[in-house]
Amino acid sequence: MKVTLSVIKADVGSIAGHHKVVPEQLEVAEKVLSKARESGLLLDFYVTAVGDDIQLIMTHTKGPDNKEIHDLAWRAFKEVTDKVSKPMGLYGAGQDLLSDAFSGNLKGMGPGFAEGEFEERPSEPLLVLMADKTEPGAWNWPLYKIFADPMCTPGLVIDAKMRKGFIFRVMDMYEDKFVDLKTPEESYEVLALIGTTGRYAVHSVWRRADNALAAVSSTARLSLMAGRYVGKDDPCLFIRVQSGFPAMGEALEPFATPHLVAGWTRGSHVGPLIPVGIKDAKCTRFDGPPRVVGLGFQITKGRLIGPADMFDDIAFDRARQEANRIADFMRMHGPFMPHRLGPEEMEYTQLAEVLKSLSSRMKPAKEMLVVPA
Ligand code: F6R
Ligand code: MG
Ligand code: MG
């Protein structure tokens, strides 16, 4: 059967600042989705959270970009906001619901979503990755490692279905355009784009042997949509694994290295992405460091079996230690680049205001020899 997986997330408020959601919020979201499962709209769902973001993981048969599903997610986030976040006075209540007038499609409305339709295999294992305090471009490096680097993924060399390579659908988040690039032969073109993590993000990956969908990520950029700074997009991603797709372990492998991503406090700093189990899916130090959780599922006739908490394991202890060491080093730079992001990534913050307020005092360089008054 054909099944659609929709992972839809939003920050609609959290306790103790942008730290983490409260259980009451998840309960309300669960109730809304429960009704949708009873009515037959959803096949199944799982509600979880990473930091201040609620994650709705849903299976159905409506295909991606479906009005009823987007409407359901919107209603769930709205109810959480109205019934819990606002009455409790949680911080940033409803922050990602950018408009009161919901038109039936989440694009441009605030919540992030990764959705894809595929033919369910006799056994369908997959990995859902969810990050807090970073942006969609954070997946670029791991996705390249997983689907294009044989040093990470030996399956690219020794699994017949993978040896033909993968297509990377790369999104230009500034222009709202995409390009399909074939690996391995266009690997350098892929890298030329996705190395610019603030502008280009991998939207999806497809297996060339049969054009099967392999991975989908959320590529929204809230800051671009809102036209002012409203936080980073805290992206989600799902990857189908095993039997001609990367092994679960190959999909997890890049996260053994805590690579540097944009986000952290005020969405304006570079820091390491720490792989954590659900119990540590909350941000503390300097509002971070940015975290990623990986949940493993089986989809069986549309039912979600699981989750398995993949980073809750000693094999990622060293990555966590390394990330904390890198965090110390990065923090030592204070408000200096490259710890602080470049001005093009900060145009929606006070930096532009500071420049504006100083503009009348900016003098031509030829007056440099004059003693300051
Ligand atoms: C980053 C994030 C936080 C806030 C910071 C300031 O995505 O959500 O780091 O940017 O805590 O928040 P405000 O401006 O709400 O006080
Ligand atoms: Mg928040
Ligand atoms: Mg968040």
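Read the figures in this text as sums done on the coordinates, not as results from a lab. These numbers were taken from a predicted model, which means no experiment stands behind them. Glycine also receives a Cβ, built like all others from the backbone with ideal geometry; neighbour counts cover every protein chain displayed.
Alpha-carbon geometry of the range 66-207: the Rg and the Dmax are 18.4, 56 Å, given in that order.
Which whole-percent values make up P(r) of the range 57-100 when all C-alpha to C-alpha distances are grouped in 10 Å steps starting at zero? Going from the shortest bin to the longest, the percentages are 25, 45, 24, 6. Taking R121, R199, R207 as the candidate residues, the one with maximal mean-square fluctuation in a Gaussian network model of the chain, Cα springs under 10 Å, is R121. Treating r as the C-beta distance of E175 and D100 and R0 as 35 Å, the FRET efficiency rounds to 0.80.
Based on a Kirkwood Rh over C-alpha pairs, give the Stokes-Einstein translational diffusion coefficient of the range 43-144 at 37 °C and viscosity 0.692 mPa s in µm²/s. It would help to have the intermediate numbers written out before the result.
Working: Rh = 15.4 Å.
Answer, rounded: 213 µm²/s.
Ranked from largest, the principal axis spans of the Cα set of the range 1-100 equal 44, 25, 20 Å. Cα to Cα, under 14 Å, and not fewer than 8 places away if on the same chain: which aspartates and glutamates meet these conditions relative to K67? Reachable aspartates and glutamates: E115. The lysines within cross-link reach of K177, meaning a Cα-to-Cα straight distance under 17 Å and a gap of 8 or more places when in the same chain, are K107. Of all aspartates and glutamates in the structure, the ones whose alpha carbon falls short of 14 Å from that of K83, not counting any fewer than 8 places away in one chain, are E24, E27, E30. Taking the number of Cβ atoms within 10 Å of each Cβ as an exposure proxy, the fewest-first ranking of L355, L72 is L355, L72. Hey, any idea what Rg/Rh is for the range 87-153, computing Rh the Kirkwood way over Cα pairs? Result: Rg/Rh = 1.08.
Each residue of the range 268-331 gets 91 Å³ once the volume of the Cα convex hull is shared out per residue. Spread over its residues, the convex hull of the C-alpha atoms of the range 290-362 is 132 Å³ per residue. In the chain, helices alone account for a calculated mean residue ellipticity at 222 nm of -6500 deg cm²/dmol, with every DSSP H run of four or more residues adding -39,500 (n - 2.57).
If you take the beta carbon distance between A352 and D328 as r and set R0 to 30 Å, what does 1/(1 + (r/R0)^6) give as a FRET efficiency, to the nearest 0.05?
Calculated transfer efficiency: 0.50.
If all Cα-Cα distances of the range 234-373 are sorted into 5 Å bins from 0 onward, what percent lands in each bin, rounded to whole numbers? Per 5 Å bin, starting at zero, the Cα-Cα P(r) for the range 234-373 comes out as 2, 8, 14, 16, 13, 11, 9, 7, 6, 4, 3, 3, 2, 1, 1, 0 percent. For a 28 Å ceiling on Cα separation, which of these pairs sit above it: K9/K62; K9/K301; K20/K145; K62/K86; K9/K279? Result: K20/K145; K62/K86 exceed 28 Å. Couplings for the range 105-111, taken from phi via the Karplus curve 6.51 cos²θ - 1.76 cosθ + 1.60 with θ = phi - 60°, read 10, 6, 4, x, 9, x, x Hz in order; Gly and Pro are left as x.
Please compute one quarter of the surface area of the Cα convex hull for the range 147-241 and express it in square nanometres. Averaging across all directions leaves 6.3 nm² for the Cα convex hull. With all projection directions averaged, the alpha carbon convex hull of the chain covers 21.3 nm².
A Förster radius of 45 Å, combined with the Cβ-Cβ distance separating S187 from M368, puts the computed FRET efficiency at roughly 0.40. G277 sits among other residues whose Cβ lies under 9 Å from its own Cβ, and their net charge, with Lys and Arg +1 and Asp and Glu -1, is -3.
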